[in-house]
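Inspection log for the structure reproduced underneath, given as structure tokens.
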Amino acid sequence: MTQLRRGVEEDQRGGCAERRRTMEGMQAYGAGKAGGAFDPVTFFQQPQTILRIVSWLFSIVIFGCIANEGYINRPKEMEEYCIFNHNQNACNYGVFMGSMAFLCCMAFLALDVYFPQISSVKDRKKAVLADIGVSAFWSFMWFVGFCFLANQWQVTKHEDNPLREGGDAARAAITFSFFSIFTWAGQSFLAFQRYKLGADSALFSQEYMDPSQDAAGAPYTSFSGDDLESPGGGGGQANNDRAFDGTGGYQRQEY
């Protein structure tokens, strides 16, 4: 019986140690414990960082193409018009979306750098949820922008731009607006994956309790000598002490 008791205790210690190692290696919403050193190589290798940089570059291209070559004028006129069917709203939409997407990418890149230093699980959850919502919003807005610019470019009249000025810039803006739909949708998907991972790990950390710490403070029901059968008819209290192992956090019966 002594060997059996020792085996049970070793199994309990091993199980507790394994749970502690699991919790120590656990990541909350895609990042480890707060206070770790920043690793730029690992940071720039993350898929979400790559997509943010690509989206950042796309926003620069769209903004630059429309701001620099999106306005033209006829040979005998001085007033400039938007290259997209003379629709000023189309150019304004492209410039606004490009500039705001540029700033949004910079903000989320800064958040990604600071994210591992956030010690509160609730704050990490809020940041990830914001990433999901904002990225999905930008994906939708770029879809609207792509449809808007493509439609206006399709109905543009040849006589409005006889020299075909800015045609390449207009097509580039439309093309990168289309690509931006998927880069922002990818960011939203990766953020959702981080949210699922973080929700599972947070649930584990909340439900898990170390039995070795709870056994001392948890109330236990006392047993009388009559509750346990003793081969010799006596020594019930001694059998009680052997039948219950307080360090394991659960009752064990001898057979």
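The values are calculated or read from the model by the stated rules, or taken from the named source; none is laboratory data. Please read all numbers here as calculations on a predicted model, not as lab measurements. Virtual Cβ from ideal backbone geometry, glycine too; neighbours counted across all protein chains shown. Ligands, DNA and RNA are stripped out before the accessible areas are found, and what is left, the full protein with its side chains, is counted by its heavy atoms. Shrake-Rupley method; radii C 1.70, N 1.55, O 1.52, S 1.80 Å.
Results, tabulated for the structure shown:
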{"quantity": "Paramagnetic reach from Thr42 in the range 113-157 [backbone N under 16 Å; point 7 Å along Cα→Cβ]", "calculated": "113-119"}
{"quantity": "Gln117 paired with Asp168, simple spin-label distance in nm, labels 7 Å along Cα-to-beta-carbon", "calculated": "4.3 nm"}
{"quantity": "Cross-link partners of Lys196 among lysines (Cα-Cα below 22 Å; sequence separation of 8 or more within a chain)", "calculated": "Lys33, Lys122, Lys125, Lys126"}
{"quantity": "Accessible area (Å², per residue) of the range 71-177, counting only protein heavy atoms and a probe of 1.4 Å", "calculated": "55 Å²"}
{"quantity": "Neighbour-limited loop hits for chymotrypsin sites (Phe, Trp or Tyr not before Pro), the range 115-172 (at most 15 other Cβ within 10 Å; DSSP other than H, G, I, E, B)", "calculated": "none"}
{"quantity": "Dipole magnitude (debye, nearest 20) for the range 105-197, charges at Cβ of Lys, Arg, Asp, Glu", "calculated": "560 debye"}
{"quantity": "Pairwise FRET efficiency - Ile60 versus Leu129, Cβ, R0 = 35 Å, nearest 0.05", "calculated": "0.80"}
